[in-house]
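To start, the structure under review is shown below, and the notes come after it.
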Amino acid sequence: MSGAEEAGGGGPAAGPAGAMPAGVGVGAGSGAAAGPAAALGEAAGPGLPDEAGLAGARQLQLQEAAGDPDAPPKKRLRAAEAAEAAAAAAAGSGKLEERLYSVLCCTVCLDLPKASVYQCTNGHLMCAGCFIHLLADARLKEEQATCPNCRCEISKSLCCRNLAVEKAVSELPSECGFCLRQFPRSLLERHQKEECQDRVTQCKYKRIGCPWHGPFHELTVHEAACAHPTKTGNELMEILDEMDQSHRKEMQLYNSIFSLLSFEKIGYTEVQFRPYRTDDFITRLYYETPRFTVLNQTWVLKARVNDSERNPNLSCKRTLSFQLLLKSKVTAPLECSFLLLKGPYDDVRISPVIYHFVFTNESNETDYVPLPIIDSVECNKLLAAKNINLRLFLFQIQK
């Protein structure tokens with residue numbers, strides 16, 4: 001992702017001791033502030049709203065989100081909680097942590113960011129997931145992505161990460177979902193995975209069919225009384241057969257790839273999908289690569305979103321499919337296997353899937369086949385990028 005630099009520093013935040021900071025990357029005045037307020041006021045921007053105006057606008061936005069009947073229930077609940085925290089902050093009451101929640105939460109999902117934090121040119125904060133989703137939606141709608149708070153333009157080149165907010169959020173207390181104890185957010189994940197005595201765990205005999213799930217502190221007692229280690233050989237063989245079937249499918253894929261690598265004619269190239277729009281009355285987004293040469297033939301790749309449904313931006317589930325087109329003439333049928341994988345500089349996760357097709361002059365393009373990305377989040381990463389860069393492998397099958 002671009003914009004990994006920390007936002008530029010400004011002067012120390014103004015205000016008397018104990019007063020709320022104007023917000024990270026937003027406004028800074030004169031004077032001195034101690035502790036977190038000074039750190040949170042460093043990324044100041046010129047010509048921005050003062051503290052009172054920003055807090056009032058923020059509280060109004062939260063109240064509108066809480067009262068919006070079309071908003072998801074989870075977002076309405078978060079907005080109501082954040083509005084209460086903002087009201088407490090305006091009244092000067094409540095704990096510092098509660099007041100910071102309303103200042104540091106994402107302007108889109110109204111939750112505290114879990115990883116990277118991005119800010120627009122006016123300092124409004126967005127978590128990485130919402131930022132990518134806004135860019136992907138704008139690509140689908142053929143619009144310029146804008147900040148949901150101030151409507152300024154946002155992009156990977158215009159927005160930058162706010163490292164001060166990331167560090168501040170990592171130190172805020174958060175409740176463990178199992179033991180209900182408070183921990184800094186930076187330590188919570190490790191606690192829930194390795195240390196919490198109430199975390200949900202599984203029996204060590206789950207591989208032979210034990211379905212037990214329970215708190216970690218009861219694991220030893222359960223395993224001592226578990227009946228699965230005493231199963232008969234026939235019962236264990238049935239379980240092992242099921243495990244072998246799933247393992248066999250994985251091995252079949254890898255054996256197919258190793259077999260293709262022994263072919264005489266193998267070619268690969270980096271391909272760049274560029275976004276275009278159809279000429280229909282209601283335009284649709286599609287991708288196409290420039291012509292490229294592999295195996296002494298000229299090819300083109302095309303891709304589309306959600307199989308060209310009318311409004312893919314309204315769908316939570318997003319997929320990409322692609323087709324391979326042969327542009328040069330052939331004197332004999334050309335049987336090929338092909339697969340797409342991620343490029344050398346991308347972090348998108350793609351599962352390898354091998355496709356087969358026989359190309360002729362009359363049948364020179366494949367059907368649209370799924371691009372095997374893991375989930376909709378990975379699809380949004382591709383849509384948010386300026387271009388999609390992948391690597392194509394072609395294997396010519398000779399009789």
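Within the range 358-377, being surrounded by fewer than 12 Cβ atoms within 10 Å (Cβ to Cβ), among the hydrophobic types (A, V, I, L, M, F, W, C) and over 17 Å from Leu334 (Cβ atoms) holds for one residue alone: Ile374. Please enumerate the residues belonging to the range 202-245 that are loosely packed, with under 15 Cβ neighbours inside 10 Å and among the acidic types (Asp, Glu). Within the range 202-245, Glu218, Glu235, Glu238, Asp241, Glu242, Asp244 meet the criteria. For the residues Thr283, Thr298, Thr232, Thr293, the requirement of being farther than 30 Å from Leu341 by Cα and of a type in the set (Ser, Thr, Tyr) singles out Thr232.
Does Pro312 satisfy the condition of being in contact with a helix residue (DSSP H, G or I) (Cβ under 7 Å, 6 or more places away or on another chain), farther than 25 Å from Ser155 by Cβ, at pLDDT below 90 and of a type outside the set (Lys, Arg)? Answer is no for this residue. Examine the range 252-266 for a residue that is within 19 Å of Lys327 (Cα to Cα), under 33 Å from the mean Cα position of the chain (by Cα) and open to solvent by 60 Å² or more (accessible area, probe 1.4 Å), and state whether such a residue exists. No, the range 252-266 contains no residue that is within 19 Å of Lys327 (Cα to Cα), under 33 Å from the mean Cα position of the chain (by Cα) and open to solvent by 60 Å² or more (accessible area, probe 1.4 Å). Let me spell it out: the conditions are (1) under 21 Å from Tyr268 (Cα atoms); (2) buried (at least 20 other Cβ atoms within 10 Å of the Cβ); (3) aliphatic (A, V, I, L, M), and Val305 meets all of them except one. Which number is the exception? That leaves (1) as the condition not met. Within the range 195-237, the residues that satisfy the criterion of being closer than 20 Å to Leu180 by Cβ and not aliphatic (A, V, I, L, M) are Glu195, Cys196, Gln197, Asp198, Arg199, Thr201, His213, Gly214, Pro215, Phe216, His217, Glu218.
Yes or no, residue by residue, for (1) among the polar types (S, T, N, Q); (2) touching a Pro at 6+ places or on another chain (Cβ under 6 Å); (3) in contact (Cβ under 8 Å) with a residue 24 or more places away in the chain:
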| position | (1), (2), (3) |
| --- | --- |
| Asn306 | yes, yes, no |
| Pro312 | no, no, yes |
| Thr319 | yes, no, yes |
| Gln323 | yes, no, yes |
| Val330 | no, no, yes |
| Leu334 | no, no, yes |
| Leu340 | no, no, yes |
| Ser363 | yes, no, no |
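For the residues Arg318, Arg274, Arg304, the requirement of being under 24 Å from the mean Cα position of the chain (by Cα), modelled with pLDDT of 90 or more and closer than 22 Å to Ile374 by Cβ singles out Arg304. Residue count for the range 321-354, restricted to those that are of a type in the set (S, T, N, Q), more than 23 Å from Lys249 (Cα to Cα) and assigned to a loop (DSSP other than H, G, I, E, B): 2. Can you work out which of the residues in the range 279-297 that are hydroxyl-bearing (Ser, Thr, Tyr) and open to solvent by 40 Å² or more (accessible area, probe 1.4 Å) is nearest to the chain's Cα centre (by Cα)? The residue in question is Tyr286.
Yes/no per residue for (1) within 15 Å of Phe273 (Cβ to Cβ); (2) surrounded by 19 or more Cβ atoms within 10 Å (Cβ to Cβ):
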site: Val330; (1), (2): no, no
site: Cys336; (1), (2): no, yes
site: Pro344; (1), (2): no, no
site: Asp347; (1), (2): no, no
site: Cys379; (1), (2): yes, yes
site: Phe393; (1), (2): no, yes
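The values are calculated or read from the model by the stated rules, or taken from the named source; none is laboratory data. Computed from a predicted structure; not experimentally measured. Counting neighbours? That spans all protein chains shown, and the Cβs are built from the backbone with ideal geometry, glycine included. Side chains included, ligands, DNA and RNA excluded: accessible areas come from the protein's heavy atoms. Shrake-Rupley method; radii C 1.70, N 1.55, O 1.52, S 1.80 Å.
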